[in-house]
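See below for the structure under consideration.
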């Protein structure tokens, strides 16, 4: 939107020695307190009937792909620590819900997931040595979309891998995420409810934990 | 919704911005009432409603009016010529094109009868404020439409991918402007966009500055819309006009437009990687934030009317926009330093005095004399804010601090 414009009246004086205070992002001095425990009872998915069809479709495709042993599919992902992906960058969920709505409207099969502590990370030591844990990955078979999401989120690492089944691709080490409430929340609206990400966790895998 | 905009003819004239003869252009008036101007910087005069004859009113431009932009299209063609510039990250542009083609909001902008009913209920000062809000927003969206449309046309030969993205963004802007103009029809008004196209002054920016300015416009637009949306979702008693219910999906378009400018700047690293780029980045951040703050503080009635505290709303939007912008601009302002807000507040006080001088009946040379110390005061506040220690930033694809980042 173009609601604001630039005042033409600002005279620019060029500071000769502008003091610069580097403030790298994501390096927070105090790590968030996070508890890690086994996922004993998976959270109930509350889906509207509108969306459940695409989930059914996705589940079916999981089955089909699992049956197609041998044929490998390419999965693209981006990854960062869970605090960034799900808590600080909470508005990222708007995009995921938008895409889910769109897939529902077009009856498109779901091809993107959030994976908490994905097992495939073991294959990427260069990533894991720079990654705070627990980590969350956004995985999709649509490489272009992941490229776009990398452009959006920027402070994430992107890679791809091949897997012969969806189960294999999205396998994760179950972890429950809890984030501290922000100390200084000044937005004129409440934070999104924690747990919004459960809608995007791979369904099949949740069931297999039960 | 885009069809609505087919009324707008003189796009091809866009490249020559000095068309300022409004009297010749009177076609396309389908409504009984036509607004011939957009908002002024002072609280709206009660004269926006025109008689059936469509008496023309001078377009009152001020520093803070939503602006129309034009640029050096030949330089743009050069910048995105894939023959000349081999470093263009095709992959990112193709990803963006796919995202824009997806067209998430194709069926989103559909009105219902709630609109007219809500508009009829809005009476008194709030009604006037709403009209002004719709006008300003419509003008702003339309301004994006004009620029993107022309860029889409001009870049077709040298870079079809970038050109198509511009065209798809102009589709979005046309939809938004059309939707807002339909909103005006609930108040028995309509913006004559054809007239605006010809009569408004165009601000010329070199491509580099178009990138900074439009990136910020789009991202700040996203943060404004989503903040209003989430606030009203929580406080539905202030939901006095249904247009806000559309903001959640709507502002995702703005956010994507911003991403495209991000990619454009990444494709031209010379706009991001030297000390001048840092100075310009800070300059544009400051200009955009100050403009919004001064503008909005003149319109507290609107924000209070929908249950927001104007200054808190603006500071939230500024801080979030700045955090987003830090992912591409090589330097941003330290807006989270409380001193930054104190400076903004002092600017508001001076700016209000300036407006008050303008509204007196003094002869113009007396007015000008009275304005001198105020303008000086405002300029020095702005300069002081500009010189505050900045925050080093940038995309991790470029930033010097990347090797030390822990993700």
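Hey, for a label at residue B:312 modelled as a point 7 Å past Cα toward Cβ, could you say which residues of the range B:202-238 have their backbone N under 18 Å away? Residues B:224-238 fall inside that zone. The alpha carbon centroids of the range B:164-184 and the range A:139-210 are separated by 32 Å.
Shape of the range B:272-393 from the C-alpha gyration tensor: oblate (a/c of 1.5 or more and a/b not above b/c, with a ≥ b ≥ c the square roots of its eigenvalues). Classification of the range B:63-269 by its C-alpha gyration tensor yields a prolate form. The axis ratio a/c (a ≥ b ≥ c) is 1.5 or more, and a/b outweighs b/c.
As a calculated quantity, the FRET efficiency between residue B:355 and residue B:240 at R0 = 30 Å, using C-beta atoms, amounts to about 0.65.
The calculated FRET efficiency for the pair residue B:73 and residue B:106, based on their C-beta separation and a Förster distance of 22 Å, comes to about 0.15. In this simple spin-label approximation, residue A:198 and residue B:82 carry label points 7 Å from Cα along the Cα→Cβ vector, and these lie 4.6 nm apart. Put in order of Cβ neighbour count within 10 Å, fewest first, the listed residues A:197, A:113 become A:197, A:113.
Which whole-angstrom value gives the distance between the alpha carbon centres of the range B:191-220 and the range B:66-83? Between the Cα centre of the range B:191-220 and that of the range B:66-83, the gap is 13 Å.
Between the range B:301-325 and the range B:227-287, the C-alpha centres lie 13 angstrom from each other. Pop the C-beta distance of residue B:406 and residue B:273 into the FRET formula with R0 = 22 Å and round what comes out to the nearest 0.05. It comes to 0.40. Taking the number of Cβ atoms within 10 Å of each Cβ as an exposure proxy, the fewest-first ranking of B:107, A:199 is B:107, A:199.
Using a/c under 1.5 as the rounded threshold, could you call the range A:78-210 rounded, prolate or oblate? The axes a ≥ b ≥ c are square roots of the C-alpha gyration tensor eigenvalues, and prolate needs a/b larger than b/c, oblate otherwise. Judged from the Cα gyration tensor, the range A:78-210 comes out rounded (a/c under 1.5).
Rule-based calculations on the coordinates, nothing more; no lab input. This is a predicted model, so every value here is computed, not measured. We place every Cβ from the backbone using ideal geometry, glycine too, and count neighbours over all the protein chains shown.
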